[in-house]
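A.B. asks: Below you will find the structure I want to go over with you.
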Amino acid sequence: MTIVAAVQMVSTPQVLDNLATVRRLVEQAVREGAELVALPEYWPIMGMSDVDKVAQAEPEGSGPIQDCMAELAREHGIWLVGGTLPLVSPVDGKVLNTTLVYDPQGQAVGRYDKIHLFGFNKGSESYDEARTIVPGEAVGSFAAPFGRVGLSVCYDLRFPELFRAMGECALIIVPAAFTHTTGLAHWEVLLRARAIENQCYVLASAQGGLHANGRRTFGHSMLVDPWGEVKAVLREGEGVITGKLDDDFLASVRESLPALKHRKL
């Protein structure tokens, strides 16, 4: 069995404050036995406006945010899936919203640039990530000791074809900053659906609370097993959830209901 953890945050506009928070919460996860830790989307900065993150964009391989993640993975000897951070893009005024993966030696071993960009307009709520983010183009995954891990981000959760394209995974990770409105309606049911249809564990690390910019994120970081049962959840506020990936249970689900083998398309 492998113990995994999801870190939940209520990130601020101050990068240094968020770096301090993530160090503390990762240390907590490690004390609880975590061998893999996932951070939430936008963990390094939740700006007062969407353009604030552009000023904090780092080139791949260099910068205080990436240095922090590499150091945490190396110091604690864990796999660290770094939520998302803003990376420099080829388009002026825009960034890539990127997940970076670090191995227990602190080496960057995986990357996924968020493909599906969130857009929502209802009443006083309006979001358009395409204004400041360049979409990614490639499906992301990496090989861990317990199996393949698929990478997705937040709004990707609504596009099941992306998860199918990952191939057979033992675990899929979903860092997110779901709005409270959409999260209340759809977050848990979508996470459980992705776990059930792909017959794998899903670990979701979320933003969860009222941010300085007035945005309220839904939280509810959780671990869902391959049968669709929620094994751990943190509703709101910063903190950590942990849970076990049971290889035998994963195999038994796929053996008793071999849906992945029955696929025709």
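The values are calculated or read from the model by the stated rules, or taken from the named source; none is laboratory data. If you're wondering where the values come from, they're calculated on a predicted model, not measured in any experiment. Here Cβ is always computed from backbone atoms with ideal geometry, including for glycine, and neighbour counts include all displayed protein chains.
A.B. asks: Are there strands (runs of 3 or more DSSP E) fully within segment 160-265 with at least 3 residues that are closer than 30 Å to residue 49 by Cβ? List them.
C.D. replies: Of the strands (runs of 3 or more DSSP E) lying wholly inside segment 160-265, those with at least 3 residues that are closer than 30 Å to residue 49 by Cβ span 171-176, 201-206.
A.B. asks: Return yes when residue 44 is under 16 Å from the mean Cα position of the chain (by Cα) and either among the acidic types (Asp, Glu) or farther than 14 Å from residue 4 by Cβ (or both) and no when it is not.
C.D. replies: yes
A.B. asks: So, in segment 93-115, how many residues would count as being within 15 Å of residue 129 (Cα to Cα) and more than 16 Å from the chain's Cα centre (by Cα)?
C.D. replies: Qualifying residue count, segment 93-115: 3.
A.B. asks: Restricting attention to segment 184-201, report how many residues are closer than 21 Å to residue 84 by Cα and more than 15 Å from the chain's Cα centre (by Cα).
C.D. replies: The qualifying residues number 0.
A.B. asks: Something else: Identify all residues within segment 67-93 that are over 18 Å from residue 6 (Cα atoms) and crowded, with 21+ Cβ neighbours inside 10 Å; write none if there are none.
C.D. replies: Scanning segment 67-93 gives 86, 87.
A.B. asks: With 236, 137, 197 as the choices, which residue is in contact (Cβ under 8 Å) with a residue 12 or more places away in the chain, of a type in the set (Asp, Glu) and closer than 22 Å to residue 45 by Cβ?
C.D. replies: It is 236.
A.B. asks: Let me ask another. Looking at (1) at pLDDT below 95; (2) surrounded by fewer than 19 Cβ atoms within 10 Å (Cβ to Cβ); (3) in contact with a strand residue (DSSP E or B) (Cβ under 7 Å, 6 or more places away or on another chain), which one does residue 123 not meet, given that it meets all the others?
C.D. replies: (3)
A.B. asks: Could you tell me which residue of segment 210-249 is surrounded by the most Cβ atoms within 10 Å (Cβ to Cβ), considering only residues that are of a type in the set (Gly, Ala, Ser) and under 25 Å from residue 78 (Cβ atoms)?
C.D. replies: The extreme case among them is 221.
A.B. asks: Within segment 143-159, work out how many residues are in a strand (DSSP E or B), surrounded by fewer than 19 Cβ atoms within 10 Å (Cβ to Cβ) and on the phi < 0 side of the Ramachandran plot.
C.D. replies: The number of residues fulfilling the criteria is 2.
A.B. asks: For segment 36-53, does any single residue satisfy the condition of being farther than 24 Å from residue 178 by Cβ, crowded, with 21+ Cβ neighbours inside 10 Å and among the β-branched types (Val, Ile, Thr)?
C.D. replies: No, there is no match, as no residue in segment 36-53 is farther than 24 Å from residue 178 by Cβ, crowded, with 21+ Cβ neighbours inside 10 Å and among the β-branched types (Val, Ile, Thr).
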